[in-house]
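To start, the structure under review is shown below, and the notes come after it.
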């Protein structure tokens, strides 16, 4: 078996966010009622996630744990959305993604294990153990807050508003939070040319 190959940051970003952008595009371009657009977008989302998994495997010889977890939840909640013709399932999917990531990272903090590094399948060159601990703590808190925020938005707004929140709210918040951690990482040994190397996927 060949050794896993490293992928560029751009390729990893495309794998993590490409399927989500497909979801938004299909939802926007599909005519008809809200439920029809969500169903079409969900089908496209599921297909795009499978394609992302395949591309990751054939390009790098591996699939990152975060991408795999996200894909499984997309397929499960997407399938429920289509089967029951109910958009609530795909809208609650991000809550489960955020909650699972928060739980895994929180467990890592409690047990002193660098689980964030394992989930990202990357190393921030030079980052100290303290840097990894703080980064893990920060992302754990962020994922908890995003889980609560997603629940509040989808339960108290229309489906169209929730889609808009995902595109114009959740994704920018995730990217901004990732870059906001850079100064802290640099103080804990991260090489400037490597920051930021990997950003956890948006739920």
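The values are calculated or read from the model by the stated rules, or taken from the named source; none is laboratory data. Please read all numbers here as calculations on a predicted model, not as lab measurements. Here the Cβ positions follow ideal geometry from the backbone for every residue, glycine too, while neighbour counts run over all protein chains shown.
Things worth noting here:
- When residue 128 is tested against (1) in contact (Cβ under 8 Å) with a residue 60 or more places away in the chain; (2) surrounded by 19 or more Cβ atoms within 10 Å (Cβ to Cβ), exactly one condition is not met: (2).
- None of 148, 153, 144 is under 30 Å from residue 113 (Cβ atoms) and without any contact (Cβ under 8 Å) to a residue 24 or more places away in the chain except 148.
- Scan of the range 146-175 for residues that are exposed (fewer than 14 other Cβ atoms within 10 Å of the Cβ) and closer than 23 Å to residue 108 by Cα, ordered by number: 148
- Some residue of the range 119-138 being out of contact with any strand residue (DSSP E or B) (no Cβ under 8 Å at 6 or more places or on another chain), under 17 Å from residue 93 (Cα atoms) and part of a helix (DSSP H, G or I): no
- Taking first residues from the range 67-80 that are farther than 17 Å from residue 13 by Cβ and partners that are outside any helix (DSSP H, G or I) and at pLDDT 95 or above, the Cβ contacts under 8 Å between residues at least 6 apart in sequence or on separate chains come to 80/86.
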